[in-house]
1. List the number of the failed condition for Ala241; all other conditions in (1) buried (at least 21 other Cβ atoms within 10 Å of the Cβ); (2) over 23 Å from the mean Cα position of the chain (by Cα) hold.
2. Given the criteria at pLDDT 95 or above and surrounded by fewer than 18 Cβ atoms within 10 Å (Cβ to Cβ), does Ile746 qualify?
3. Under 7 Å between Cβ atoms, which residue pairs at least 6 apart in sequence (or on different chains) link something in the stretch 674-686 that is touching a residue at least 24 places away in the same chain (Cβ under 8 Å) and over 30 Å from Val755 (Cβ atoms) with a partner that is part of a strand (DSSP E or B) and among the aromatic types (Phe, Trp, Tyr)?
4. Condition test on Tyr90, is it of a type in the set (Phe, Trp, Tyr) and under 25 Å from Phe288 (Cβ atoms)?
5. Here is a list: Ser593, Ser603, Ser626, Ser616. Which entry is of a type in the set (Ser, Thr, Tyr), touching a residue at least 60 places away in the same chain (Cβ under 8 Å) and more than 28 Å from Asp689 (Cβ to Cβ)?
6. Please find, within the stretch 144-155, the residue that is modelled with the highest pLDDT out of those that are small (Gly, Ala, Ser) and crowded, with 19+ Cβ neighbours inside 10 Å.
7. In a strand (DSSP E or B) and surrounded by fewer than 17 Cβ atoms within 10 Å (Cβ to Cβ) - does that describe any residue in the stretch 330-349?
Amino acid sequence: MTFPQHRTLVNVSSIVFYTFTLLFILCSTKGIAQTRATISGNISDQFGSLPGATVSIEGSEVFATTDVNGNYSFSVDEGTYIINTGFVMYISQSKEVTVGVGQEAVLDFTLETGFSIDQPIAIGNRGDPASGLDTSAPVDIISPQEIANSSQTELSHLLHYVISSFHSTNQTIADGTDHIDPGTLRGLGPDQVLVLVNGKRRHNSALLNVNGTVGRGSVGTDFNAIPLATIERIEVLREGATSQYGSDAIAGVINIILKKQTEVIDIDNRVILNTEGDGFENYSSGNFGLKFGENGYINVTAEYRKRNATNRAGNYTGAVYSTDPVLDQQLINENNFFNQTGYDGRRVMAIGNAETQNLALYFNGEFKISPSATFYLHGGRNYREGKASGFYRFPKDEDRVISELFPDGFSPGILTDIQDDAVVLGVKGIKNEFYIDFSHSIGNNRIDYTINNSNNASLGIISPRTFYSGGFDYNQNTTNLDISRKFDFLKGANLAFGAELRVENYMIVAGEEASYIDGGATYIDADGDEKPRIAGAQVFPGIQPENELNRFRTNSAGYIEIDLNPIDDLLFKVGGRYETSNDFGSQGVYKLSSRYKLNKNISVRAAYSKGFRAPSLHQVFFQNISTQFIDGEIVQVGTFNNESAIAREAFGINPLRAEISNHFSLSLNGKIGNKITFNLDYYHIDIRDRIVLSGRFAEGYEDLLSPYNVGAAQFFTNAINSETSGQDITVNFKDKLGDGELNASISANFSKTRVGDDINVPNSLIGQDELFGREEVGRVEKSQPNFKILSRFVYEFDKYRIQLGNTLFGEVTYLHPDDGDSANWVLNNYTGNIESRDQTFSPKLVTDLLLSYQINSNVIVSAGGNNIFNVYPDKHTHEANTSDGSFIYSRRVQQFGVKGANYFFKLLLRL
């Protein structure tokens, strides 16, 4: 299949090529210091060698990583040195050594496992990295061991099962959202969490979620474009941080730190099988590094993932050829209909995980270019193809099915082509005691849609069956200057300030003419009247040329942060930021936080911040016609942007403005001996003028909408105010048990969001519940689990590892748009009673198991299962919610998906 030429602001591939060329030139021209001595040794834990552990010389930037056998080596001049060792989730050690000319000093280290609370944390702190006990903000660390031993193959799903406040799961029958999973933090939206890579802002996806899923009306980050194999660890800041990092960081910040090891080649191969016999998945990755001189490196990762589709559809019970039940059954039998659909039983479409295929190449590197300056770079490309299904078009629906092309109707396919590129280049170093970091980031995400096994009914028999329906393209260029310095003032102080310039570009690309044109074909209905057929490719009408656009935004910001230690145990932090944009205006925000150590092992923290989130370019300019399933009917829905005449003049929708948030948090964390750590966090987040996608305006607006060939309209608007409060609780335990070590943890998030009673309704729409009705309110308040509790037990002994995980998902609730009044309840054929279509889906426990055995230093084999007890969400209890039997499980609210039990085998080679 051929897609249109990929257009970007910057040719990212060329940048990568010239960057690597420059790097190699610098390497080849840099003189190599003559060294006359060697320091070497081995790093291990109680179970054996530690590949990838870091070893450095104090007071210099010289470092090494251990090879597959845990060995390291330095070439140095004669002298006395302090050697520091470290590995995430291990307690660091230091030793002093003196070495003379021609000598080799051997220093071996045996590290003990530690806790995340002891690890240096980079996020949320512009000064020197500090441990969890010393920071003023709650931060979760996902260690290299957790990532390497995860049974998940995609980043969004890994976060879903290791961070209790993070939620992301596969969606179904939701167009592009089937292929880019929305991810949320603390019950807020996908666009209210900021993602960093190595501390640099990551670009968003080009996809705007417009269907009825979590995050409807928002745009987030495509987590799964970042390969797992390139990640060393992940830091999750669970606190408002827009004054530190800018727009979007209302719920928190996720910082993904890339690998820099140079001594090991990791090759990871996995296969995953579903007990239902579908959804087969295979995963392969390779990671290696190369050293440049004594203190430079480049780490490279390649990753391939392929996942077949799953299908959890039920048996269809509705009409196929005719609304006359007797005639319809006769025609079904005569045409052997259910053997024509391609699915078993009486299923007519695929409902479940979409089919996807990913190929990624990533890199991360640093190179010393002078005694006081380091050049760094990281980035990569991810290419993904996806295939999902839409609602079945039955032959009875003559307005959308050409019987000469599809006598038995059709299940249209949505094919996506998603390309994600990122490159970050920068220089960091020390000048006059100031630490300076200057960088430029380029990010691009593009999604193109091709529709197959479909027709444009308005073209009649000449309609194609395959269409290019257009696409969306988002580019982000960010330049940062960050400066900081530590002062010996009081008990220590740190000053940080800097500036950011961000240029964004959002493009909508039109489809081919046949995908959107109205060909004028008609049909004769049952009453003998001539009616027009629906224009556009069924399931995803092509983007029309009048909706094609190319819009830019320029955003500039400056910030300042001050950390003060008036006394040894007390830390004060104050920060402010001012941002201005060429379209949504200017905004100033601030943050105050403090940490007090009750003793050396227990700290109490508090923070208050004012934050903001600018409307995304997607929300401001997106305009399109989509096919949506509304209460049993397929409807063409027009999303009209705030620049359009229909939005401003006919509906009175105002221009979008930034969301404003107030975030308060209070927490207690600490250690009990060397066996237990804990974190207890409370948070309260108020968001004013929250940007949402409105409900659909249809009845009473037919004449207004008919020129656009749509049956309903929707808009983006600052419609609601919301309050979110909750608690995060984490307890970790470790101790020796027999000949091994037991690591256990339990973490929980309890969250509640409430939409304010006063909906911000334009004067022209006062009294219209469609602006933000009960279904939309329910999606904000109740579509994500109200709690999630994670437990994890890991026992390591000899060469074995046993890992047991349990995740208890809280309830979610679907509110039907009309069922607040019992007069709107309908007959439930399951029970024979008149009942509400609202439904609460009960809590569910999902269990995962992993068994690993290290054959030797080069080979580790693992086997296990996800959801080993084959747990599914509650089934629909009201027949009217099943779309004539097809939807056994809800597609509107999700706890953990409908994949069911699956088992895997993993082979890890370390060379």
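1. (2)
2. Values: at pLDDT 95 or above: yes; surrounded by fewer than 18 Cβ atoms within 10 Å (Cβ to Cβ): yes.
Spelling it out, Ile746 is indeed at pLDDT 95 or above and surrounded by fewer than 18 Cβ atoms within 10 Å (Cβ to Cβ).
3. The qualifying pairs are Lys675/Phe733; Ile676/Phe733.
4. On the way: of a type in the set (Phe, Trp, Tyr): yes; under 25 Å from Phe288 (Cβ atoms): yes.
Taking the combined requirement at face value, the residue satisfies it.
5. Details: Ser593 fails: more than 28 Å from Asp689 (Cβ to Cβ); Ser626 fails: more than 28 Å from Asp689 (Cβ to Cβ); Ser616 fails: more than 28 Å from Asp689 (Cβ to Cβ).
The match here is Ser603.
6. Here is the first cut: in the stretch 144-155, the residues small (Gly, Ala, Ser) are 148, 150-151.
Still in the list and also crowded, with 19+ Cβ neighbours inside 10 Å: 150-151.
Working: Ser150: 92, Ser151: 89.
So, considering only residues that are small (Gly, Ala, Ser) and crowded, with 19+ Cβ neighbours inside 10 Å, the one modelled with the highest pLDDT is Ser150.
7. First, pick out the residues of the stretch 330-349 that are in a strand (DSSP E or B): none.
The answer is no, given that none of the residues of the stretch 330-349 is in a strand (DSSP E or B) and surrounded by fewer than 17 Cβ atoms within 10 Å (Cβ to Cβ).
One line per residue, one yes/no per condition, for (1) among the hydrophobic types (A, V, I, L, M, F, W, C); (2) touching a residue at least 40 places away in the same chain (Cβ under 8 Å):
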position: Glu500; (1), (2): no, yes
position: Ile508; (1), (2): yes, yes
position: Glu512; (1), (2): no, yes
position: Gly520; (1), (2): no, yes
position: Asp529; (1), (2): no, no
position: Arg553; (1), (2): no, yes
position: Asp563; (1), (2): no, yes
position: Phe572; (1), (2): yes, no
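The values are calculated or read from the model by the stated rules, or taken from the named source; none is laboratory data. Everything numeric here is computed off the predicted structure, so don't read it as measured data. Every residue, glycine as well, gets a Cβ built from its backbone with ideal geometry; the counts of neighbours run over all protein chains shown.
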